[in-house]
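The values are calculated or read from the model by the stated rules, or taken from the named source; none is laboratory data. Fair warning: this is a prediction, and the values are worked out from it, not measured in the lab. Because the Cβ atoms are built from the backbone with ideal geometry, glycine has one as well, and the counts that use them run over all protein chains shown. We work out accessible area using only protein heavy atoms, side chains counted, and drop any ligands, DNA or RNA first. Shrake-Rupley method; radii C 1.70, N 1.55, O 1.52, S 1.80 Å.
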Amino acid sequence: MCGIVGYIGTKDAREIIFNGLKKLEYRGYDSAGVALVNKNKIEIYKDKGRVNHLEEITDFSFNTNFGIGHTRWATHGKPNMINSHPHFSNNKRFVVVHNGVIENYKKLKIEKLADYDFYSETDTEVIANLIEHYSSDMSTIDAIRKTASILEGSYALLVMDMMDLDTLYVAKNKTPLLIGKSEHGITVASDSMALVGYADSYMYLNDLRFAIIKKDRVILKDILGFDLDFEMQDLKLTNLDIAKGNYEHYMLKEIDEQPGVIRNLIDKYFVDEEVNIDSEILSKIRLADRIYIVACGTSLYAGTVSKYFFERLCKIPVELCIASEVAYNMPLLSKNPYFIFISQSGETADCITVLKKCKKRNLHTLAITNSLNSSIDHLADDVLHIFAGKEIAVASTKAYIAQIVVLSIIAKGVANNRKTNLKNNLSKVALAIEDVFNNKNLIKEVAKKIVNAKDAFYIGRGIDYYVCQEAALKLKEISYIHTEGYASGELKHGSIALIEEGTPVIAICTNEETNMITRSNLIETVSRGALGIVISTESLSQTSDDIVISDVASYLTPLVSIVVCQLIAYYVSVLKGNDVDKPKNLAKSVTVE
Ligand code: G6P
């Protein structure tokens with residue numbers, strides 16, 4: 001969480017930092033701040049609220065070629081002006097922006113910084129003051145390394161030193177940081193998106209790396225202070241890849257991109273009818289007696305759907321693991337476990353914690369991510385990408401679809417089952433999603449019916465229940481309606497008590513075996529006042545059903561039914577006037593545990 005950008009060079013630093021921060025707002029948007037060099041001074045502007053507001057309160061009258069900026073997702077301390085970054089050290093020599101969490105900051109305050117004053121509730125001020133503390137008898141980079149050596153937790157740090165306004169200092173551990181280079185200067189940022197337009201090449205910093213950055217060069221160091229060689233790679237991302245186009249919201253654009261994402265994955269992962277995935281990965285999975293899927297949020301729910309594929313197609317049992325849970329409570333493992341980590345960002349802290357524990361135990365790990373070069377990519381034994389393109393809306397849509405598609409292709413490859421024509425079935429899914437788009441007006445009508453609800457339920461059984469979990473997450477995160485995804489048969493064991501006059505209960509009925517029983521469960525709620533809504537497939541549909549999707553292979557229906565639910569959530573959010581792409585309290589990339 002939190003996005004940081006720094007620039008040193010010959011161009012207008014303010015422009016580069018503000019444009020970068022706007023692109024990084026998906027990482028958090030509680031407050032924003034910048035520190036800019038104005039001749040021989042550092043000027044700080046910061047406040048609660050978005051980058052647009054920061055722009056309004058920042059002085060644009062002076063030229064500046066060096067600065068750092070921050071957009072915050074509050075962890076330590078309320079989102080207010082005082083807690084906003086950048087933070088000064090006590091003597092105002094050092095200015096710091098920080099992404100991450102310092103776990104031992106309270107202890108460090110007492111043990112090392114008893115004589116220092118603290119103005120904010122943040123852990124970051126401790127870093128600024130530790131650097132000041134050590135700098136009395138060592139160089140700035142050594143003071144930063146020394147500080148890093150006693151910090152427990154995660155940090156991507158940018159540091160400015162009043163005594164040397166030609167140098168930007170950088171430190172990195174456990175949260176992402178990239179250094180981009182161009183003819184006019186160096187830009188540092190939490191995500192490559194912020195480098196687009198300002199760098200031709202970039203490097204991804206590894207953990208416990210430090211850099212001294214001048215406008216035309218980078219000196220990379222390890223924690224012991226030794227210089228390290230490095231290579232820059234070409235920055236291929238362009239502004240077009242991250243543009244909103246004619247859309248009002250990224251979320252709708254990303255929903256609409258889904259058929260294209262599926263077709264792209266078919267091209268990437270099939271050669272003719274054969275699965276095109278490294279045979280070693282497939283062999284390792286074949287040897288497993290249990291697959292452990294580790295993920296958070298939407299990625300976890302994509303993993304849940306894949307349980308169906310691996311168990312039915314490959315006959316390998318699957319255990320779903322909430323990353324934050326197994327991080328400190330690893331399940332009893334089978335003899336030959338195989339771990340699959342699913343993460344859109346590739347940076348989710350809880351997943352990284354589990355991945356590191358797996359590595360220590362020499363367990364096989366495969367990562368499925370949307371971010372080439374992410375931390376999870378680097379840590380896992382093997383990686384498969386979902387090639388969904390940048391997903392910018394906080395509520396994940398196309399990544400979920402792409403994760404399920406990749407998982408289905410892996411399962412097909414592992415099973416080596418020639419009977420399932422997955423490639424053809426996936427092509428039909430892409431067409432069926434386009435059919436859903438033709439029904440957007442009907443979906444808007446459903447949204448109107450539920451917009452004023454306090455609570456809502458999605459119900460289904462089996463594979464439909466798995467979709468219900470993701471559908472409920474979508475609705476709650478952007479509409480703020482309390483929604484639960486329930487196994488339809490389980491509802492009557494407690495939660496049916498919450499049904500009131502008009503409570504929306506949306507049943508997903510795409511499976512022949514469970515269709516009628518799910519409908520009965522829906523009727524049980526309607527008898528108690530619920531507003532029943534049905535999403536079904538053509539072959540199972542009844543005349544009164546609200547949304548009917550085209551038939552596709554039964555195991556792939558989640559890829560179509562979820563699109564209806566994504567659109568319901570989207571339209572409800574729009575009707576409520578919510579900030580669809582940046583819902584309250586959330587961040588897209590959760591880099592703290
Ligand atoms: C956050 C995002 C979710 C995402 C989850 C896991 O909560 O808002 O959309 O599903 O993190 O993120 P990951 O990048 O690991 O898939």
Quick one: with all protein chains in place, what share of the accessible area of the chain is carbon or sulfur, to the nearest percent (1.4 Å probe)? 48
At 222 nm, what helix-only mean residue ellipticity would the chain give, in deg cm²/dmol to the nearest 500, using -39500 (n - 2.57) for each DSSP H run of four or more? -10500 deg cm²/dmol
For the chain, average projected area of the Cα convex hull in nm²: 27.3
Using a basic spin-label model with each label point 7 Å from the Cα along Cα→Cβ, how many nm lie between Met232 and Lys428? 5.1
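Roughly what % of DSSP beta bridges within the chain run antiparallel, to the nearest 5? Provide the component values of the computation, followed by the final result.
Numbers: 66 of 105 bridges.
Taking every DSSP beta bridge within the chain, about 65 percent pair in antiparallel fashion.
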Would you please classify the overall shape of segment 128-223 from the alpha carbon gyration tensor, given that a ≥ b ≥ c denote the square roots of the eigenvalues, rounded means a/c under 1.5, and beyond that prolate means a/b larger than b/c while oblate covers the rest? oblate
Can you flag which of Lys454/Lys492; Lys315/Lys412; Lys284/Lys356; Lys112/Lys214 are past 22 Å Cα-Cα? Lys112/Lys214
Per 5 Å bin, what is the whole-percent P(r) computed from every C-alpha pair distance within segment 60-160? 2, 13, 25, 26, 19, 8, 4, 2, 0
Give the cross-link partners of Lys448 among the aspartates and glutamates, using a straight C-alpha distance below 15 Å as the criterion and excluding same-chain residues fewer than 8 apart. Asp546
Sticking with the crude label model, points 7 Å out along Cα→Cβ, report the distance from Ser495 to Asp59 in nm, one decimal please. 5.6
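In the neighborhood of Tyr400, defined by Cβ-to-Cβ distances under 14 Å, what is the net charge if each Lys or Arg adds +1 and each Asp or Glu adds -1? Walk me through the numbers on the way to the answer.
Details: positive: Lys398, Lys474, Lys588; negative: Glu254, Glu257, Glu391, Glu470, Glu477.
Net charge in that neighbourhood comes out at -2.
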Would you check the accessible area of Asp117, probe 1.4 Å, heavy atoms only, in square angstrom rounded to 10? 90
Within segment 231-248, list the residues whose amide N lies under 14 Å from a label point set 7 Å along Cα→Cβ of Asn52. 248
Note the angle between two axes, namely the Cα long axis of helix 512-526 and the longest principal axis of the Cα atoms of the chain, as a number of degrees from 0 to 90, rounded to the nearest 10. 80
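Once R0 is set to 22 Å, what does the formula 1/(1 + (r/R0)^6) return for the Cβ-Cβ distance between Lys39 and Asp216, expressed as a FRET efficiency to the nearest 0.05? Present the calculation step by step, with values, prior to reporting the outcome.
Numbers: r = 21 Å, r/R0 = 0.94.
With R0 = 22 Å, the Cβ-Cβ based efficiency is 0.60.
Would you mind getting the accessible area per residue of the chain, heavy atoms of the protein chains only, 1.4 Å probe, in Å²?
Working: 23270 Å² over 593 residues.
Dividing the accessible area of the chain by its residue count gives 39 Å².
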Please list Asp200, Asp579 in order of solvent-accessible area, largest first, computed with a 1.4 Å probe with all protein chains present. Asp200, Asp579
Shape call, segment 113-182: gyration tensor on alpha carbons, a/c limit 1.5: oblate
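Among Lys48/Lys174; Lys221/Lys360; Lys23/Lys449, which pairs are too far apart, with a Cα-Cα distance over 28 Å? Write out the running numbers ahead of the final one.
Working: Lys48/Lys174 26 Å; Lys221/Lys360 25 Å; Lys23/Lys449 34 Å.
The pairs that break the limit, which is 28 Å between Cα atoms, are Lys23/Lys449.
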In whole Hz, the Karplus estimates of ³J(HN,Hα) for segment 477-491 (6.51, -1.76, 1.60; θ = phi - 60°; x where Gly or Pro) are 6, 10, 9, 6, 7, 5, 10, 10, x, 10, 5, 4, x, 7, 3
Cα long-axis angle, helix 440-450 against the chain (0 to 90 degrees, to the nearest 10): 80
Modelled label-to-label distance, Glu280 and Ile82, 7 Å Cα→beta-carbon offset: nm? 5.5
